Amino acid sequence: MNPYTLLVAVALSAQTTDKKVNEITPALFAEAATPADMYALGPERILQLIREVGLAPTKAKNVWTAAGQIVEAGGELRPDWAFLEGLAGVGHKTASVVMAQAFDVPAFPVDTHIFRLARRWGLSRATTVEKVEADLKKAFPIETWNRRHLQIIYFGREYCPAQRHVFATCPICSFAATKAQQDAEIKARAKPKKPVLPPA
Ligand code: SF4
């Protein structure tokens, strides 16, 4: 994946499973793997190719608009926070993934797994993505951020379900989760409410 296709794949992943993104991106990138080609496709064709992902109409429009913005700016992505976050449909998390994975710039993208685990593990008590990110950046040395965020995501996907996990016997949460966090989760299970989810 090049920086541009990474950006598109991450932007498409909001409100959609990674599995679905992996299914639809090969056909999309076979037709357009560069901003110029994507812009030439037009929003209708992009929508046809990505229609199975959540919020497809908005994402198709954003992918096309962002491609145009990149073309206008010289045709390539560059490691520039303001430039990346100024692209249509690209939020701080998507820009952070591209900075970290494509350009090796230290960043700590907070996705839904990291948000949940940082709070369960007592690394942050914050309730917003911005503050959780700031707490994690304080908790880990900057040279480890890019590696650490991937480690937490992979661990979370593999071992940490949103529910039906047991704090007391888990090798991490049995010592890392605070009593308050455990009590809060038990209460939340008894009375389900809408989870606080970070944005794309
Ligand atoms: S109890 Fe274990 S499985 Fe559950 S969130 Fe904590 S580390 Fe993950």
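Quick note: the coordinates plus some simple rules give every number you see, no bench work behind them. Model, not experiment: these values are computed from the prediction. Here Cβ is always computed from backbone atoms with ideal geometry, including for glycine, and neighbour counts include all displayed protein chains.
Sorted ascending by nearby beta carbons within 10 Å, beginning with the fewest, Met99, Met1 become Met1, Met99.
For the chain, averaging the sequence separation of C-alpha pairs within contact (under 8 Å, six or more residues apart) and dividing by the residue count gives a relative contact order of 19 percent. Judged by the mean number of other Cβ atoms found within 10 Å, the most tightly packed of the peptides 117-124, 6-13, 47-54 leads the ranking 6-13, 117-124, 47-54. Ranking Ala67, Gln101, Ala180 by Cα position along the charge dipole of the chain, where only Lys, Arg, Asp and Glu carry charges on their C-beta atoms, puts Ala180 farthest toward the positive end.
Overall, the anisotropy analysis places the range 72-159 in the prolate class: the square-rooted eigenvalues a ≥ b ≥ c of its C-alpha gyration tensor yield a/c not less than 1.5, with a/b exceeding b/c. Over 23 Å apart at the Cα level, from the set Lys20/Lys59; Lys93/Lys187; Lys20/Lys93; Lys20/Lys187; Lys19/Lys187, are Lys93/Lys187; Lys20/Lys187; Lys19/Lys187.
Dividing the convex hull volume of the alpha carbon atoms of the chain by its residue count gives 120 Å³ per residue.
Mind running the shape call on the range 43-99? Use the C-alpha gyration tensor, a ≥ b ≥ c as the square roots of the eigenvalues: rounded below 1.5 for a/c, prolate if a/b tops b/c, oblate otherwise. Note, shape of the range 43-99 comes out oblate. Evaluated with a Cβ-only charge set (Lys, Arg +1; Asp, Glu -1), the chain carries a dipole of roughly 1260 debye about its Cα centre, given to the nearest 20.
Rg and Dmax of the range 112-190, based on Cα coordinates, read 12.4, 41 Å.
If a/c stays under 1.5 just call it rounded; otherwise compare a/b with b/c (prolate if a/b is bigger, oblate if not). Do that for the range 3-101, with a ≥ b ≥ c from the square roots of the Cα gyration tensor eigenvalues. If you can, show how the numbers build up before the last one.
Working: a/c = 1.65, a/b = 1.21, b/c = 1.37.
Note, shape of the range 3-101 comes out oblate.
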